[in-house]
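Engineer: This is the structure, below, for whatever I ask next.
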Amino acid sequence: MLSSASPHVFVSHCVSVRSRAALWQVALVAGLIGVGGCGKAPDSKGTQRPAAAASSPAAAVFEDATQAAGIAFVHQLANGQLDNIMKSDGAGGTFLDYDGDGLMDVYLVNSGPVPGLSDAPPGTVRLSNRLYRNRGDGTFEDVTQRAGVEGRGFGTTAAAADYDNDGHTDLLVVNFGELILFHNRGDGTFEDVTARAGLVSRQAGISATFFDADNDGLLDLFVANYLVFDPAIKPPAGAGIPYPGPLSYEAQFNVLYHNRGDGTFEDVSEKAGIRIPNHRAMSVTPIDYDLDGDEDLYVSNDGTANLLLANDGRGHFTEVGLACGVALNQFGEAGGSMGAAVGDANGDGLPDLLVTRFGNASLYLNSPGGFFDDRVAAAGILAVSSRYTGWGGSFLDFDNDGDADVFIANGDPHYLKGSPSLLLENRGNATFADVSDRGGAFFQRALNLRGCGAFDYDNDGRMDLLVTSLGGPAILLHNRLAAGGHWLTLRLTGTRSNRDGFGARVKVVAGPLTQQSEARCPTSYVFQQDPRLHFGLGAQTKVDRIEIRWPSGRTQTLENPPIDRVLQIQEP
């Protein structure tokens, strides 16, 4: 049984809080959590981790809590074969608090049978997408049917945000050939408003993110599209692979939808400058790379250079990826990029990028001028990751020592065989030690993983993980590290800004430790992470102040807030 101080939500309405005696509005959001159990892994063959000394079970950071938590999702590979490039991409999902109880719920997307894309024997039933409601006791309840979010078609991912600022988190499902926008009614159910919202699409969507492109207080939507799939295209004879690579297919344009504020969206891709030809996107990630107060976008592409779309603050974008050093890896290659995770790897207050690839990964360290340097080899990541194909990747401070550690979900792109995942501990200077052997039994399994997301599902301040696999189960990894440091998690609520607070810049000062982060719709490869901001505090027993620059331009300072808590902060 785990124990911790009951996490509370503190809501401040003050522009500046100057003393401990300041008034706080308090609401209890969650109780104590107890999680145990062990999920059963499918048999698999694939790349094995090099032999190492076995870790003591007591020292393991993560335990498989899938079965005990009630997560019973299996990704559908309709005919049981990996026989085209679209099926190889797998599927993921998102974390969201759909019922507003302060607990992160889980939505997982499935890839059903579709003629010509995912053929299956006659009568094959599509396995549903799944919404799991967090009960707050370490378990989840499947509420998919009650909520009306079963989905349809060949799904890839989902994104969650309050696009209409009504106080309820809505849900977008991204399919190959279709978007589905579920509007949250606020009573535990959703309504499909896709057609009414103007989001009818026939493109091969693979990623999407909500962000306020023009800073009008309304969340816009960027959809990353992949390629025009043609089942008649086959690999050359003797190629030794079951399907052709991405450059064998016609590319598709990405799309930017502007939020009109009346529940509808308008395609503004052309005038916004984001219609850039000949790229096949795998994911899109918001990042204010130059700290100018507006959200830019990083697009990871398959087989071509990646894009960094710089926002002028009014919703018009310029491609600066090559000029800023994030288009190619450190070897000058445009490998098959999967996704990008944003975090401050070296603690200098600037957002860095971790890019997972079919090929050499990248760790792009930012500089004050907005130029990035790929330091993946110097960081020690290349040496341990290059033998695998990385799909999902996350920055997470798993031990709450105040720096950004790394998790990478690996898998095989062409065959149904697995690879072990990687847990890399930050030494505090953007160099990393492979501590996968301390991660737990999960890290000894060879699994064919795709998406991954870091979140704190039991609000105990220790970051947990959820991973999805190709044709296999989702796995919930509970962080049970007992020796971690103090922590603080912030959940922002905008008033004049968008209600999710996406685009807000946050600084946390705790004695000698200063950390900065940006609230965003945290999308990476086929997964959206926990949208709350998590700060490990290490040995620091108090936070001196929290400074917030909201997208509206307002600033807010909170002094001497409590720690080891989830704090909800409302924009003045």
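The values are calculated or read from the model by the stated rules, or taken from the named source; none is laboratory data. Only a predicted model underlies this, so the values are computations on that prediction, with no experimental measurement involved. Virtual Cβ from ideal backbone geometry, glycine too; neighbours counted across all protein chains shown. With ligands, DNA and RNA removed, areas are computed over all heavy atoms of the protein, side chains included. Shrake-Rupley method; radii C 1.70, N 1.55, O 1.52, S 1.80 Å.
Yes/no per residue for (1) within 19 Å of the chain's Cα centre (by Cα); (2) within 21 Å of Tyr415 (Cβ to Cβ):
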site	(1), (2)
Asp64	no, no
Gln67	no, no
Val74	no, yes
Gly80	no, yes
Lys87	no, yes
Ala91	yes, yes
Leu103	yes, no
Val109	yes, no
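Engineer: So which pairs qualify, if the first residue must be in the range 266-281 and open to solvent by less than 60 Å² (accessible area, probe 1.4 Å), the second must be hydroxyl-bearing (Ser, Thr, Tyr), the Cβ gap must be under 6 Å, and the two must be at least 6 apart or on different chains?
Structural biologist: His279/Thr304; Arg280/Tyr226
Engineer: Can you report the number of residues in the range 84-103 which are in contact with a Lys or Arg (Cβ under 8 Å, 6 or more places away or on another chain) and either free of Cβ contacts under 8 Å to residues at least 40 places away in the same chain or not aliphatic (A, V, I, L, M) (or both)?
Structural biologist: Qualifying residue count for the region: 6.
Engineer: Would you tally the residues in the range 112-127 being within 26 Å of Gly188 (Cβ to Cβ) and either touching a residue at least 24 places away in the same chain (Cβ under 8 Å) or touching a strand residue (DSSP E or B) at 6+ places or on another chain (Cβ under 7 Å) (or both)?
Structural biologist: Applying the first criterion (within 26 Å of Gly188 (Cβ to Cβ)) to the range 112-127 yields 112, 125-127.
Of the ones still in play, those that are also either touching a residue at least 24 places away in the same chain (Cβ under 8 Å) or touching a strand residue (DSSP E or B) at 6+ places or on another chain (Cβ under 7 Å) (or both) are 112, 126-127.
Here the count works out to 3.
Engineer: For the condition under 30 Å from Gly461 (Cα atoms), surrounded by fewer than 22 Cβ atoms within 10 Å (Cβ to Cβ) and free of Cβ contacts under 8 Å to residues at least 12 places away in the same chain, what is the one hit in Asp142, Asp187?
Structural biologist: Working: Asp142 fails: free of Cβ contacts under 8 Å to residues at least 12 places away in the same chain.
Exactly one of Asp142, Asp187 is under 30 Å from Gly461 (Cα atoms), surrounded by fewer than 22 Cβ atoms within 10 Å (Cβ to Cβ) and free of Cβ contacts under 8 Å to residues at least 12 places away in the same chain, namely Asp187.
Engineer: Phe229 - would you say it is open to solvent by less than 10 Å² (accessible area, probe 1.4 Å) and either out of contact with any Lys or Arg (no Cβ under 8 Å at 6 or more places or on another chain) or without any contact (Cβ under 8 Å) to a residue 60 or more places away in the chain (or both)?
Structural biologist: no
Engineer: How many of the residues making up the range 558-570 are assigned to a strand (DSSP E or B) and open to solvent by less than 30 Å² (accessible area, probe 1.4 Å)?
Structural biologist: Looking only at the range 558-570, we keep the residues that are assigned to a strand (DSSP E or B), and these are 558-559, 566-570.
Cutting the leftovers down to open to solvent by less than 30 Å² (accessible area, probe 1.4 Å) gives us 558, 566-567, 569.
Adding up the residues that qualify gives 4.
Engineer: For the range 425-436, what are the residues that are surrounded by fewer than 23 Cβ atoms within 10 Å (Cβ to Cβ) and within 19 Å of Ala340 (Cα to Cα)?
Structural biologist: Hits for the range 425-436 are Glu425, Ala430, Thr431.
Engineer: Tell me, which residue of the range 318-347 that is in contact with a strand residue (DSSP E or B) (Cβ under 6 Å, 6 or more places away or on another chain) and among the aliphatic types (A, V, I, L, M) is farthest from Gln529 (Cα to Cα)?
Structural biologist: Val320
Engineer: Let me ask you something else. With respect to Gly136, is the statement that it is open to solvent by less than 40 Å² (accessible area, probe 1.4 Å) and within 16 Å of Leu466 (Cβ to Cβ) true? Before you say what the answer is, go through the steps one by one.
Structural biologist: On the way: open to solvent by less than 40 Å² (accessible area, probe 1.4 Å): yes; within 16 Å of Leu466 (Cβ to Cβ): no.
When the stated conditions are applied, Gly136 does not pass them.
Engineer: So, one more: Which residues, counting only those in the range 374-405, are in a strand (DSSP E or B), farther than 14 Å from Gly451 by Cα and out of contact with any Ser or Thr (no Cβ under 7 Å at 6 or more places or on another chain)? Show your work before the answer.
Structural biologist: At the first step, the residues of the range 374-405 found to be in a strand (DSSP E or B) are 374, 390-396, 405.
If we keep only those that are farther than 14 Å from Gly451 by Cα as well, we get 374, 396, 405.
Once the filter is applied, which keeps residues that are in a strand (DSSP E or B), farther than 14 Å from Gly451 by Cα and out of contact with any Ser or Thr (no Cβ under 7 Å at 6 or more places or on another chain), the range 374-405 yields Leu396, Asp405.
Engineer: Look through the range 367-388, keep the residues that are under 23 Å from the mean Cα position of the chain (by Cα) and free of Cβ contacts under 8 Å to residues at least 40 places away in the same chain, and return whichever of them is farthest from Leu488 (Cα to Cα).
Structural biologist: Ser386
Engineer: Further, regarding this structure: Look at Leu492 and say whether it is closer than 27 Å to Ala68 by Cα and touching a strand residue (DSSP E or B) at 6+ places or on another chain (Cβ under 9 Å).
Structural biologist: No.
Engineer: State the number of residues belonging to the range 479-491 that are outside any strand (DSSP E or B) and open to solvent by less than 10 Å² (accessible area, probe 1.4 Å). Break it down into steps so the answer makes sense when it comes.
Structural biologist: Of all residues in the range 479-491, those outside any strand (DSSP E or B) come to 480-485.
Restricting the remaining residues to those that are open to solvent by less than 10 Å² (accessible area, probe 1.4 Å) gives none.
Qualifying residue count, the range 479-491: 0.
Engineer: While we're here: In the range 192-211, what residues are surrounded by fewer than 24 Cβ atoms within 10 Å (Cβ to Cβ) and not hydrophobic (A, V, I, L, M, F, W, C)?
Structural biologist: Taking the range 192-211 and keeping what is surrounded by fewer than 24 Cβ atoms within 10 Å (Cβ to Cβ), we get 192-203.
The answer is Asp192, Thr194, Arg196, Gly198, Ser201, Arg202, Gln203.
Engineer: Which residues, taken from the range 437-453, are over 21 Å from the mean Cα position of the chain (by Cα) and open to solvent by less than 20 Å² (accessible area, probe 1.4 Å)?
Structural biologist: Narrowing the range 437-453 to residues over 21 Å from the mean Cα position of the chain (by Cα): 437-438, 440-441, 444-446.
Across the range 437-453, the qualifying residues are Gly440, Ala446.
Engineer: Give me a count of the residues in the range 301-349 that are open to solvent by 20 Å² or more (accessible area, probe 1.4 Å), closer than 20 Å to Val268 by Cβ and in a loop (DSSP other than H, G, I, E, B).
Structural biologist: 5
Engineer: With a cut-off of at least 2 residues that are open to solvent by less than 20 Å² (accessible area, probe 1.4 Å) and of a type outside the set (Asp, Glu), name the strands (runs of 3 or more DSSP E) lying wholly within the range 499-546.
Structural biologist: Hits in the range 499-546: 505-510, 533-538.
Engineer: While we're on this one: When the range 351-365 is examined, which residues are found to be outside any strand (DSSP E or B) and within 19 Å of the chain's Cα centre (by Cα)? Full working, then the answer.
Structural biologist: In the first step, residues of the range 351-365 are kept if they are outside any strand (DSSP E or B); the result is 351, 359-361.
Scanning the range 351-365 gives Pro351, Ala361.
Engineer: Give me the residue from the range 351-370 that is over 15 Å from Leu297 (Cα atoms) and out of contact with any strand residue (DSSP E or B) (no Cβ under 8 Å at 6 or more places or on another chain) and, out of that set, surrounded by the most Cβ atoms within 10 Å (Cβ to Cβ).
Structural biologist: So the residue we want is Asn360.
Engineer: With Pro277, Pro244, Pro286 as the choices, which residue is in a loop (DSSP other than H, G, I, E, B), within 23 Å of Val223 (Cβ to Cβ) and not β-branched (Val, Ile, Thr)? Give the steps one after another, and end with the answer.
Structural biologist: Working: Pro244 fails: within 23 Å of Val223 (Cβ to Cβ); Pro286 fails: in a loop (DSSP other than H, G, I, E, B).
Step by step, each of Pro277, Pro244, Pro286 is checked, and only Pro277 is in a loop (DSSP other than H, G, I, E, B), within 23 Å of Val223 (Cβ to Cβ) and not β-branched (Val, Ile, Thr).
Engineer: Next up: List the strands (runs of 3 or more DSSP E) inside the range 136-225, counting only whole elements, that have at least 2 residues being of a type in the set (A, V, I, L, M) and at pLDDT 95 or above.
Structural biologist: Details: elements: 140-142, 155-161, 170-175, 178-184, 190-192, 205-211, 220-225.
Here the list reads 155-161, 170-175, 178-184, 205-211, 220-225.
Engineer: Touching a strand residue (DSSP E or B) at 6+ places or on another chain (Cβ under 8 Å), under 19 Å from Asp374 (Cα atoms) and aliphatic (A, V, I, L, M): does that describe Leu308? Break it down stepwise before answering.
Structural biologist: Details: touching a strand residue (DSSP E or B) at 6+ places or on another chain (Cβ under 8 Å): yes; under 19 Å from Asp374 (Cα atoms): yes; aliphatic (A, V, I, L, M): yes.
Considered against the rule, which asks whether it is touching a strand residue (DSSP E or B) at 6+ places or on another chain (Cβ under 8 Å), under 19 Å from Asp374 (Cα atoms) and aliphatic (A, V, I, L, M), Leu308 comes out as yes.
Engineer: Can you spot a residue in the range 287-297 that is in contact (Cβ under 8 Å) with a residue 24 or more places away in the chain, closer than 27 Å to Ser469 by Cβ and open to solvent by 10 Å² or more (accessible area, probe 1.4 Å)? Working first, answer last.
Structural biologist: Going through the range 287-297, the residues in contact (Cβ under 8 Å) with a residue 24 or more places away in the chain turn out to be 287-291, 293-295, 297.
Imposing the further condition that a residue be closer than 27 Å to Ser469 by Cβ reduces the set to none.
No, that holds for no residue.
Engineer: Shifting gears a bit: Keeping to the range 411-428, report how many residues are without any contact (Cβ under 8 Å) to a residue 40 or more places away in the chain, out of contact with any helix residue (DSSP H, G or I) (no Cβ under 7 Å at 6 or more places or on another chain) and not acidic (Asp, Glu). If you could, list the steps in order and put the result at the bottom.
Structural biologist: Filtering the range 411-428 down to residues without any contact (Cβ under 8 Å) to a residue 40 or more places away in the chain leaves 422, 425, 427.
From the residues that got through so far, the ones that are out of contact with any helix residue (DSSP H, G or I) (no Cβ under 7 Å at 6 or more places or on another chain) too are 425, 427.
Subset that is not acidic (Asp, Glu): 427.
Adding up the residues that qualify gives 1.
Engineer: Identify the residue in the range 458-515 that is among the β-branched types (Val, Ile, Thr) and in contact with a Leu (Cβ under 9 Å, 6 or more places away or on another chain) and, among all such residues, is nearest to Asp101 (Cα to Cα). Full working, then the answer.
Structural biologist: Initial filter on the range 458-515 (among the β-branched types (Val, Ile, Thr)): 467-468, 475, 489, 493, 495, 506, 508-509, 514.
With in contact with a Leu (Cβ under 9 Å, 6 or more places away or on another chain) added as a condition, the list becomes 467-468, 475, 489, 506, 508.
Numbers: Val467: 24, Thr468: 25, Ile475: 24, Thr489: 15, Val506: 23, Val508: 25 Å.
Across the range 458-515, the extreme among qualifying residues is Thr489.
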